[in-house]
1. Out of segment 97-108, which residues are surrounded by fewer than 20 Cβ atoms within 10 Å (Cβ to Cβ) and under 23 Å from residue 19 (Cα atoms)?
2. Taking residue 41 as meeting all but one of (1) at pLDDT below 95; (2) in contact with a strand residue (DSSP E or B) (Cβ under 7 Å, 6 or more places away or on another chain), write down the number of the exception.
3. Tally time: how many residues in segment 1-12 are small (Gly, Ala, Ser) and either in a strand (DSSP E or B) or open to solvent by 60 Å² or more (accessible area, probe 1.4 Å) (or both)?
4. Does residue 52 qualify as being touching an Asp or Glu at 6+ places or on another chain (Cβ under 9 Å), open to solvent by less than 70 Å² (accessible area, probe 1.4 Å), touching a residue at least 12 places away in the same chain (Cβ under 8 Å) and of a type in the set (Ser, Thr, Tyr)?
5. Within segment 79-89, restricting attention to residues that are assigned to a strand (DSSP E or B) and of a type outside the set (S, T, N, Q), which residue is surrounded by the fewest Cβ atoms within 10 Å (Cβ to Cβ)?
6. Condition (residue is open to solvent by 60 Å² or more (accessible area, probe 1.4 Å), of a type in the set (Lys, Arg) and part of a loop (DSSP other than H, G, I, E, B)) applied to segment 57-78: is it met by at least one residue?
7. Among residues belonging to segment 13-49 that are within 21 Å of residue 107 (Cα to Cα) and touching an Asp or Glu at 6+ places or on another chain (Cβ under 7 Å), point out the one that is surrounded by the fewest Cβ atoms within 10 Å (Cβ to Cβ).
8. Which residue pairs have Cβ atoms closer than 6 Å, lie 6 or more positions apart in sequence or on different chains, and pair a first residue in segment 26-41 that is in a strand (DSSP E or B) with a second residue that is open to solvent by 50 Å² or more (accessible area, probe 1.4 Å)?
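The values are calculated or read from the model by the stated rules, or taken from the named source; none is laboratory data. Keep in mind that what you see is a predicted model, and the values were worked out from it rather than measured. Neighbour counts run over all protein chains shown; Cβ positions are idealised from the backbone, glycine included. Note: accessible area is taken over every heavy atom of the protein model, side chains too, but ligands, DNA and RNA are not part of it. Shrake-Rupley method; radii C 1.70, N 1.55, O 1.52, S 1.80 Å.
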Amino acid sequence: QVQLVESGGGLVQAGGSLRLSCAASGSMFSINDMGWHRQAPGKQRELVASISSGGSTNFANSVLGRFTISRDNAKSTVYLQMNSLKPEDTAVYYCNANIRRRFGMPAMDYWGKGTLVTVSS
């Protein structure tokens, strides 16, 4: 079984920074894209940032220039560094990864349970 476990959420003042981590564990052959989505109260889940196995990144326009994403393939971990946080960044942040569990099996998307980020004004 594959598990994604997030950490690093919390309460921060506007203008502050937080770093989220997400570690994948279990039986895995390879990990393709990894990323972060978020869901604010009353809103749909949206992509925040993603990173390919080769390091190519993609960001939502709303976080461009403020957030960075990175990964440590040896640790099967993805990070989201969030700077210049705004109250509108308040949401539950979910980690996701596209993982192939065994050679020849199709890759599947896995999700963490989420970590709450609250930015006070």
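1. Scanning segment 97-108 gives a single hit, 98.
2. (2)
3. So the answer is 2.
4. So residue 52 fits the description; yes.
5. Checking each candidate, the answer is 79.
6. No, there is no match, as no residue in segment 57-78 is open to solvent by 60 Å² or more (accessible area, probe 1.4 Å), of a type in the set (Lys, Arg) and part of a loop (DSSP other than H, G, I, E, B).
7. 37
8. That search, which allows pairs on different chains as well, returns 30/100; 32/53; 37/45; 37/47; 39/45.
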